[in-house]
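The numbers here are math on the coordinates, done by the rules we state, and not lab data. What you see is a predicted model; the values in this text were computed from it and never measured. All Cβ positions, even for glycine, are placed from backbone atoms using ideal geometry, and neighbour counts span all protein chains on display.
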Amino acid sequence: MKAMPTLEGGLRIDAENARDWEFLRSIITDAQPVGPDLASRLGGLITEDAGAEDWQEFVVPDLRESFNDELNQVAAAIESAAYHAGNEVGALWITPDDAYPWYSALNQARLALEDQFHFGPSESIKLKSLPVESRAAFLRSMFYTDIQGLLLEYVMVRP
């Protein structure tokens with residue numbers, strides 16, 4: 001799989017086979033938390049003095065809906081691109097208008113993986129010493145980080 005900026009100010013991700021499409025689909029599955037969802041976890045950070053009850057009642061449901069909408073948008077883009085490519089060699093395009101939902105979905109996936117596997121700082125990871133499932137999750141997390149970096153550098157932050 002390759003990712004590169006486009007002349008139109010977006011990103012193009014080239015899948016080279018069916019495994020690449022499955023790898024991209026893992027963004028959505030990885031974003032599904034093992035425990036409470038991200039909106040609830042964020043709401044849990046608000047203290048009673050800061051209005052935790054109001055946050056839980058008014059902010060968390062909207063935040064949850066927004067997170068789900070972004071995941072659904074990314075899932076639809078992946079499925080559409082995979083369909084048009086016949087699940088083989090093909091391109092997925094991320095336009096500037098799609099950048100924020102992609103960034104959010106990738107962030108949700110990274111946070112859920114971190115919550116599940118507790119990797120910590122990537123510099124301290126000894127990849128070969130990780131169990132196979134953890135190693136695969138760590139590599140997906142690093143890929144998500146790289147795509148987020150490309151989004152920030154070439155799509156979201158424009159002069």
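Worth a mention:
- By the beta-carbon count within 10 Å of each Cβ, the least crowded to most crowded order of VAL157, VAL60, fewest first, is VAL157, VAL60.
- GNM on the chain, alpha-carbon springs under 10 angstrom: the most fluctuating residue among ILE147, ILE27, ILE125 is ILE125.
- Among ASP69, ASP37, the order by Cβ neighbours within 10 angstrom, fewest to most, reads ASP69, ASP37.
- Cα centroid of the range 99-159 to Cα centroid of the range 3-36, whole Å: 11 Å
- Helical runs assigned H by DSSP (4 residues or longer) give the chain a calculated mean residue ellipticity at 222 nm of -17000 deg cm²/dmol, each run adding -39500 (n - 2.57) before division by the residue total.
- Phi angles across the range 147-152 convert, under the Karplus curve 6.51 cos²θ - 1.76 cosθ + 1.60 with θ = phi - 60°, into 3J(HN,Hα) values of 5, 4, x, 5, 4, 5 Hz, Gly and Pro given as x.
- With at most 16 other Cβ atoms within 10 Å, longest stretch of the chain clear of loop GluC sites (Glu not before Pro) (DSSP): 89-159
- Across the options ALA105, VAL89, SER66, the greatest Cα extent toward the positive end of the charge dipole of the chain (unit charges at beta carbon of Lys, Arg, Asp, Glu) belongs to VAL89.
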